[in-house]
Amino acid sequence: MTSGNLLTDNPELYEARFPDPERLAGRWAEDCLRRYGSAPHVLDLGCGTGRDAAHLHAMGRSVVGADLSEAMLTYACDRHPGPRYVRADLRDFSPDVLGTPDTPGASGVFDAVVCLDSALLYCHTNDDLDGFLASCRRSLVPGGLLVAEMRNGAYFLGRDDLLNTPRYNSLTWQGVSYRSATTLRIDRTAQLLRRGRVWTADDGSAPVEQHSAWRLLLPQELRHFLTAHGFTVLELHDGPGPRTEPPWQEGDLPGTAADADRLHVVARLAD
Ligand SMILES: C[S@@+](CC[C@H](N)C(=O)[O-])C[C@H]1O[C@@H](n2cnc3c(N)ncnc32)[C@H](O)[C@@H]1O
């Protein structure tokens, strides 16, 4: 058994495993930006393969995508061109490392930050969350927006349907059949949702085991962090969104509950 992150090391496999052919996540983010009148400069934090950044670029926005994974950034440059891609840690970044889409050397100041598919939950500790929000604040214009979409920690209060039992998934990629067994468990002490995933392939390679974790963030906790960092929460709800069932569609308005397994937030930095 070897360890590693098969998905972030192989961005093409990531897109095969989590397809979004209709660019639902990018369209949902664009809808939020339009609803609150955001100007065009956008920073996509934890941009992954770059498909959402590229969608926002195609909508006429000027986009920087930032990620920690070199493999993701290389793939994004090749396969989803348009935005400028930079390596940055969302837990602590300076506008100086970002630049702007048009002027790479300049200090990046953005009208909006988007952070999709639980990338924000790689802030495991309160210090990480403070670092993320302080960095966003330094990189946003006054009145700038934060748009984020993630798992909802509150879902796991009193529910264990997603926990402790492996879930299996299969896919074929480049002629090789892969099978993954994914188990989620709660680490109450660290307030993390821990994920173990074992990949097996039919090409004779050794199984790959990978571990990652997300912060179990409760809606009111998120609201508190945002307010403490000078943001006003405009929306905080469990859907509809790009990864809800049923998924968000053009024209859908934000809900008001925060009970289901995804959380969506739009917040505005004070003027
Ligand atoms: C679940 S993927 C989401 C990618 C993309 N936002 C999407 O919705 O398709 C999470 C991404 O966050 C990146 N990531 C994890 N920790 C990070 C960190 N500390 N700083 C920046 N990016 C990070 C990973 O490399 C990965 O590309």
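Just to check your reading of the model, which residue among Ala148, Ala181 is within 26 Å of Asn10 (Cα to Cα), surrounded by fewer than 18 Cβ atoms within 10 Å (Cβ to Cβ) and modelled with pLDDT of 95 or more?
Ala181
Collect the residues in region 50-68 that are over 15 Å from Cys115 (Cα atoms) and in contact (Cβ under 8 Å) with a residue 24 or more places away in the chain, keeping them in residue-number order.
Of all residues in region 50-68, those over 15 Å from Cys115 (Cα atoms) come to 57-62.
The answer is His57, Ala58, Met59, Arg61, Ser62.
Matching residues to (1) within 14 Å of the ligand (Cβ to nearest atom); (2) under 13 Å from Arg79 (Cβ atoms); (3) at pLDDT below 95:
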| position | (1), (2), (3) |
| --- | --- |
| Ser3 | no, no, yes |
| Trp28 | yes, no, no |
| Ser38 | no, no, no |
| Ala54 | yes, yes, no |
| Ala66 | yes, no, no |
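Go through Pro247, Pro219 for me and flag whichever is surrounded by 12 or more Cβ atoms within 10 Å (Cβ to Cβ), under 17 Å from Ala29 (Cβ atoms) and at pLDDT 95 or above. Full working, then the answer.
On the way: Pro219 fails: under 17 Å from Ala29 (Cβ atoms).
The unique qualifying residue is Pro247.
Name, by its number, the condition in (1) touching a strand residue (DSSP E or B) at 6+ places or on another chain (Cβ under 9 Å); (2) assigned to a helix (DSSP H, G or I) that does not hold for Arg197.
For Arg197, the exception is condition (2).
On the given criteria, is Asp31 farther than 21 Å from His124 by Cα and assigned by TED's automatic domain parsing to the domain that holds Asp128?
In short, yes.
The values are calculated or read from the model by the stated rules, or taken from the named source; none is laboratory data. Worth saying up front: this structure is predicted, and the values here are computed from it rather than measured. Every residue, glycine as well, gets a Cβ built from its backbone with ideal geometry; the counts of neighbours run over all protein chains shown.
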